[in-house]
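All remarks here apply to the structure that follows.
The values are calculated or read from the model by the stated rules, or taken from the named source; none is laboratory data. What you see is a predicted model; the values in this text were computed from it and never measured. Here the Cβ positions follow ideal geometry from the backbone for every residue, glycine too, while neighbour counts run over all protein chains shown. With ligands, DNA and RNA removed, areas are computed over all heavy atoms of the protein, side chains included. Shrake-Rupley method; radii C 1.70, N 1.55, O 1.52, S 1.80 Å.
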Amino acid sequence: MSILKIYYPEETHNPPAASLEEPTPMILPFNRGPLKKPHYLRQEDWTLKRARILFKNQQCPACSSAAVSSLELRDGLLNRKDHLIPGTATVVGFRCESCDSEWPA
């Protein structure tokens with residue numbers, strides 16, 4: 001059984017001395033796959049996107065009222081008791097409670 005040695009060459013001008021008995025060492029390349037974002041960073045992406053959409057549309061473009069409600073799809077996450085978890089549904093538009101105007105997200 002052979003021993004796999006992993007090393008990082010610090011000095012490139014001084015090659016290590018190899019004896020005649022040992023075969024020349026074979027260097028194996030380690031290919032790094034595409035880096036995936038961790039789960040919490042992927043969640044952060046859609047959370048930030050949702051927060052930015054809500055912030056940009058917090059005022060009615062028609063009457064400048066702040067009484068705006070979001071229109072959401074019914075695709076949000078459910079908890080153990082089958083209740084919708086707030087903030088997990090997809091925002092598709094907004095509705096002004098003062099002038100009843102609607103606009104897309």
Scanning region 11-64 for residues that are under 25 Å from residue 105 (Cα atoms) and acidic (Asp, Glu), the one modelled with the lowest pLDDT turns out to be 44
Name the residue that is most open to solvent (accessible area, probe 1.4 Å), counting only residues in region 75-103 that are farther than 22 Å from residue 45 by Cβ and charged (D, E, K, R).
80
With the first residue restricted to region 35-48 and required to be over 18 Å from residue 77 (Cβ atoms) and open to solvent by less than 100 Å² (accessible area, probe 1.4 Å), and the second required to be modelled with pLDDT of 70 or more and in a helix (DSSP H, G or I), Cβ contacts under 7 Å at 6 or more apart or on different chains are none
